[in-house]
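Undergrad: Take a look at this one; I'll ask things after.
The values are calculated or read from the model by the stated rules, or taken from the named source; none is laboratory data. Fair warning: this is a prediction, and the values are worked out from it, not measured in the lab. Glycine gets a Cβ as well: all are built from the backbone with ideal geometry, and neighbour counts include every protein chain shown. Just the protein is used for accessible areas: all its heavy atoms, side chains included, with ligands, DNA and RNA removed. Shrake-Rupley method; radii C 1.70, N 1.55, O 1.52, S 1.80 Å.
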Amino acid sequence: MKILVTGGLGFIGSHTVVELQNKGFEVVIIDNLSNSSINVLDGIVAISGKKPLFEKMDLRDKSAVQSFFKKHGDIEGVIHFAASKAVGESVENPLLYYENNLGVLVYILQELTKKDRARLIFSSSCTVYGQADEMPITENAPVKPAESPYGNTKQIGEEIIKDTCKVNPSLATIALRYFNPIGAHPSVEIGELPIGVPQNLVPFITQTGVGLREELSVFGDDYPTEDGTCIRDYIHVVDVAKAHVVALERLLENKNEANYEVFNLGTGKGSSVLEVIHSFEKVSGQKLNYKIANRRPGDVIQAYADTQKANEILGWKAYSSLDEAMKSAWDWEQKIRA
Ligand SMILES: NC(=O)c1ccc[n+]([C@@H]2O[C@H](COP(=O)([O-])OP(=O)(O)OC[C@H]3O[C@@H](n4cnc5c(N)ncnc54)[C@H](O)[C@@H]3O)[C@@H](O)[C@H]2O)c1
Ligand SMILES: O=c1ccn([C@@H]2O[C@H](COP(=O)(O)OP(=O)(O)O[C@H]3O[C@H](CO)[C@@H](O)[C@H](O)[C@H]3O)[C@@H](O)[C@H]2O)c(=O)[nH]1
């Protein structure tokens, strides 16, 4: 069964391609390498023993997208990861984000709605909840006004899919709202490859640990949490990847209850910034150089998932602990800097 994975050489996409191939799916990747490297293909082959088909293509090229679907008429499902994801950059260049994250989604949906039967998994984010009023966050929590154009693209992306599904019963879709994916494949053949200075906590920690950055700034220790730092739900990327396979199988087996469904992907456990640092210190056996700095604008105090819906309906749950995820992130960082 042939599955298209857009952004399949990126962080979450590459781990998902491995899990799909392990389950016997035939994978075609589209990626323009704007935030990834062609070498990721070698990592995928090293783990799964299979080379996916790869097309280097910019999905903003509508006619290329049309030709691709014409050529690959036998695609049974699409997992759409390709997007731009830097929150700060989205504030500086909103149109890039609206074009890449929403224009491309429209092009893909236009092709999928031409088919007799089509399935789509969409990468959404817990950012749609903003600062939720209640913890843990269920899928029924209201969507709050977005803090950034990036956040907006995830909300509008969900709306575009929902509206399209209403009038296209042949299209079945699932939006997965990721909490904070971290870590690397335990084989350390693939992992996260942030370009430039990492904006996210875990790659900043591991780059500081390896000596690439001098010091981590902890953005605020005066939040109303136990140790004063923000709380997030950090989930191992392999657990996230496996959820995509399960969600896709649900659609392929026509087990979905509606043609647009939403699931949280998290562990259900919140960890503070200081807890993440302590986990790093434990698994690496070294002290991390960090200082307390000002709050970062736009950060929510806490966000962790209620995972019951994914546990019960998808029959999926996250298995890896924070320490396991941090260990894999650290192993990966050491490998790529060696
Ligand atoms: N990583 C996170 O913390 C997180 C959290 C929530 C949601 N998401 C979403 O999950 C998805 C995957 O995230 P990721 O962390 O793997 O990001 P990533 O940047 O590592 O992967 C995205 C991939 O898409 C490719 N791409 C981007 N624009 C493209 C285009 N126009 N044509 C072809 N390829 C293109 C990039 O080269 C990259 O390989 C994104 O939609 C992101 O917004 C990520
Ligand atoms: O150098 C740093 C980087 C981060 N943090 C803190 O660490 C926590 C996590 O930050 P980060 O890793 O940037 O994740 P989030 O801010 O939760 O955002 C991520 O997770 C969201 C939900 O999935 C996505 O929408 C975003 O794109 C993605 O960047 C926050 O409290 C930050 O203030 C620091 O203290 N120092």
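Undergrad: How about the stretch 220-263: which GluC sites (Glu not before Pro) there lie in a loop by DSSP and see at most 14 other Cβ atoms within 10 Å?
TA: Hits after loop and neighbour filter: GLU226, GLU253, GLU257.
Undergrad: Give me the lysines in straight-line cross-link reach of LYS335: C-alpha distance below 22 Å, same-chain residues under 8 apart excluded.
TA: Within the straight-line cut-off, LYS335 pairs with LYS282, LYS287, LYS327.
Undergrad: Any chance you could list the semi-axes, whole Å, largest first, of the equivalent ellipsoid that the Cα gyration tensor gives for the stretch 141-205, using √(5λ)?
TA: Square roots of five times the eigenvalues give 31, 18, 10 Å.
Undergrad: Let me ask something else. Based on the alpha-carbon gyration tensor of the stretch 253-327, what equivalent-ellipsoid semi-axes (square roots of 5 times the eigenvalues) come out, in whole Å, largest first?
TA: 33, 17, 8
Undergrad: Could you list log10 I(q)/I(0) for the stretch 47-109 at q = 0.14, 0.19, 0.27, 0.29 Å⁻¹, which the Debye formula gives when each Cα is one point scatterer?
TA: Log10 I(q)/I(0), no solvent term: -0.52, -0.82, -1.22, -1.32.
Undergrad: Sort MET135, MET57, MET1, MET326 by accessible area with a 1.4 Å probe, largest first.
TA: MET1, MET135, MET57, MET326
Undergrad: OK, next. Given an 8 Å cut-off on Cα distances and at least 6 residues of separation, report the relative contact order of the chain as a percent.
TA: Rounded, it is 19 percent for the chain.
Undergrad: Can I ask one more? What number, in percent, do you get for the relative contact order of the stretch 246-310 if the mean sequence gap of Cα pairs under 8 Å and at least 6 apart is divided by its residue count?
TA: Over the stretch 246-310, the number comes to 53 percent.
Undergrad: I need the semi-axes of the equivalent ellipsoid of the stretch 110-253: take the C-alpha gyration tensor, multiply each eigenvalue by 5, square-root it, list largest first in whole angstrom.
TA: In descending order, the three semi-axes are 32, 21, 14 Å.
Undergrad: On the full set of protein chains, 1.4 Å probe, figure out the accessible area of THR153 and give it in Å² to the nearest 10.
TA: The accessible area comes out at roughly 0 Å².
Undergrad: Return the Rg/Rh value of the stretch 181-338, two decimal places, where both radii are evaluated on C-alpha atoms and Rh is the Kirkwood radius.
TA: 1.01
Undergrad: What area, in nm² and to one decimal, does the C-alpha convex hull of the chain cast on average over all directions?
TA: The directionally averaged projection comes out at 15.8 nm².
Undergrad: Right, here's the next one. Pairs to check: LYS115/LYS309; LYS85/LYS114; LYS269/LYS309. Give those whose C-alpha atoms are more than 25 Å from each other in this structure.
TA: Where the Cα-Cα span goes over 25 Å, the pairs concerned are LYS115/LYS309; LYS85/LYS114.
Undergrad: Can you give me the pair-distance distribution of the stretch 20-171, C-alpha pairs, 5 Å bins, whole percents?
TA: All Cα pairs considered, the percentages come to 2, 8, 16, 18, 18, 17, 12, 7, 2, 0.
Undergrad: Then there is this: With 21 Å as the cut-off, how large is the P(r) tail for the stretch 1-68, expressed as percent of Cα-Cα pairs?
TA: Above the 21 Å cut-off, the stretch 1-68 has 18 percent of its Cα pairs.
Undergrad: Can you pull out the GluC sites (Glu not before Pro) in the stretch 1-109 that DSSP calls coil and that have at most 14 other Cβ atoms within 10 Å?
TA: Here no GluC sites (Glu not before Pro) fit, given the DSSP loop and packing criteria.
Undergrad: Once neighbouring chains are kept in place and the probe is 1.4 Å, which whole percent of the accessible area of the chain is contributed by carbon and sulfur?
TA: About 49 percent, which is the carbon plus sulfur part of the accessible surface.
Undergrad: Going through the stretch 281-329, which GluC sites (Glu not before Pro) have at most 16 other Cβ atoms within 10 Å and a DSSP loop state?
TA: The qualifying sites: there are none.
Undergrad: Just to be sure I understand the rule: take each whole DSSP H helix in the chain, project its Cα atoms onto its long axis, keep it if the span is 20 Å or more and its mean Kyte-Doolittle hydropathy is at least 0.0. Which ones pass?
TA: Within the chain the helices that satisfy the rule are 237-252.
Undergrad: Here's something else I'd like to know. With the other protein chains left in place, how much accessible area per residue, in square angstrom, belongs to the chain at a 1.4 angstrom probe?
TA: 43 Å²
Undergrad: Given H placed on each backbone N at 1.01 Å, which residues far from HIS236 in sequence or on other chains put an amide H within less than 5 Å of it?
TA: Under 5 Å from the amide H of HIS236 lie the amide H atoms of ILE182, SER320, each far enough along the sequence or on another chain.
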